[in-house]
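Have a look at the structure below before the remarks.
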Amino acid sequence: MARPTVRILSRYILRQHIPPLLYALAALTFAMLVNQIAKQFGNFVGKGLPWGVIVEVFALSIPFIVAMTLPMAVLVAVLYTFSHLAADNEVTAMKASGISVGRILVPVLGGATAIGLIAFLWNDQILPRSNHELRTLLVDIQRKKPTFQLKEQVINEVVAGQFFLRAARIDPATNGLKDVTIYDLEDPDRRRIIMADSGRMAYGEGGTDLYLTLRDGEMHEIKRTDPQHFNRTFYGINRIKVAGVSNTFEATKNDEYRGDREMTICAMQDVVARARQDLARVRREAVTAVSAELRRVAKLAQLPTPTIDTAPPPPSRYCRFLDAIQRVVAPRAAEAAEAAQAGQSPRRTVTNLTYTAQAPSAYSQRLRAARQRAAIYEVEIHKKLAISVACVIFALLGMPLAIRYPRGGVGLVIGTSLAVFSVYYVGLIGGEELGDRLIVPPFFAMWTPNLIFLAVGIPLLLSVRRAGSTAHGGDWDELKEALFGWVGKIRARL
């Protein structure tokens, strides 16, 4: 059993972390949310959307932002807390009382681990659902008043497959158009191209019809049944009605499609397992096709068609644990899901392997497609895990930095945090791109930033634990000298 003094010290250290953690989380989340609002708000103004829909868009953006800012808040809290403890000689007093740096680190790592578990459950259970609802809502918004999304110098599809519009200049405030070209393909027996010097858009009372008023232009028309005749008409004012253009917001009730960022780890593991089954099937098909062709050339009897196991893979322990919790919390929903899964496919299925003669490039393309499909979802799985573990890595990195350079103050907290965040998230974005393209294995694509900061944090921790290390050893200038002093030495030698 731990000594009472140590337990009191652990509670004291954890209490010191709570205020800066909550403040950093709120401040970082608010800053990123304001940035998101500044970027997206212009896309919603002028569409006549209810304010509740706009608020819902930004509210659904918060889970994604929190997933990014939670590890940041951990690093800021650890740097701020231990820099104050070291500057106030509290770390020195702890060492003088026989409490090692490792023992001081234990409650910090314990708290960071708890936050990491919360981050993992947040990223796996809450974030996919919010991402799915956000994507569905944005698609619904794009379907409303599509002419507001018209782009200049581009052929825009106003009515799918029927009506296309291009304008050199578009004024969203007045719905004015300049240098307009319209391609009308509504009548299959007639093709019309309408050109105008200027025009204006307006909606009917019901909001489902678009009215275009065009000025100073000409219209070209040709009929498929009479291709020998070409009609060219000049006009001063031409009014066109485009029916079927929706101007009402309709929320999607059921959207079953989910991308990789809208799926839980269990769902993605199932996709990865099936992609690997497809990969094994394609390889087996290629070998079977080559063997059959060789036996045909050698005039040998063909071998019986091999069979493959297409049974769905067994769920992982984590997924079984979640299923057990669901049975307790929502037994009816769990039973309905099991019944639906049982009705879709049996637990074990063995089918004959069929193949058709294909070029080697076709097999290689199918192999690459299966590998890439598996890699995309594996990268997303590892990203959820890596971001959660980053809470512990940042705590391990922040504590020795703050103790070693206690006089850095706010400059140390802000500077170190910005440097670590920039390197970490640039590494995540670049690693995700490399992993999706099959250039780097999914594990290293997502875990390399964690491994880098772990490799930096462990030597720093060992240097702080050495006997004779002092809490008064450095400030922000000394940290900059330690990080970038080698540049000046190289310049001096040159």
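Quick notes on this structure:
- Some residue of the stretch 391-410 being assigned by TED's automatic domain parsing to the domain that holds T81, of a type outside the set (A, V, I, L, M, F, W, C) and free of Cβ contacts under 8 Å to residues at least 60 places away in the same chain: no
- Residues that are outside any helix (DSSP H, G or I) and under 15 Å from H382 (Cα atoms) within the stretch 255-279 comprise M263, T264, listed in sequence order.
- Boolean, F82 is surrounded by 20 or more Cβ atoms within 10 Å (Cβ to Cβ) and farther than 23 Å from V426 by Cβ: yes
- Boolean, L451 is surrounded by fewer than 16 Cβ atoms within 10 Å (Cβ to Cβ), out of contact with any Gly (no Cβ under 8 Å at 6 or more places or on another chain) and on the phi < 0 side of the Ramachandran plot: yes
- Test: residue in the stretch 31-46 that is under 17 Å from F421 (Cβ atoms) and among the small types (G, A, S): yes
- Residue ID - modelled with the lowest pLDDT, chosen from residues in the stretch 137-187 that are out of contact with any helix residue (DSSP H, G or I) (no Cβ under 8 Å at 6 or more places or on another chain) and on the phi > 0 side of the Ramachandran plot: K145
- Considering the stretch 99-135, and only residues there that are crowded, with 18+ Cβ neighbours inside 10 Å and among the β-branched types (V, I, T), the residue that is nearest to K384 (Cα to Cα) turns out to be I115.
- For R368, the requirement of being in the same structural domain as I452 (by TED's automatic domain parsing), modelled with pLDDT under 90 and assigned to a helix (DSSP H, G or I) is not met.
- Taking the listed residues I118, I37, I54, I99, the one that is at negative phi, part of a loop (DSSP other than H, G, I, E, B) and in the same structural domain as S10 (by TED's automatic domain parsing) is I99, with no other qualifying.
The values are calculated or read from the model by the stated rules, or taken from the named source; none is laboratory data. In this text the structure is predicted, and so the values were computed from the model without any measurement. Here the Cβ is made from the backbone with ideal geometry for all residues, glycine too, and neighbour counts use every protein chain on show.
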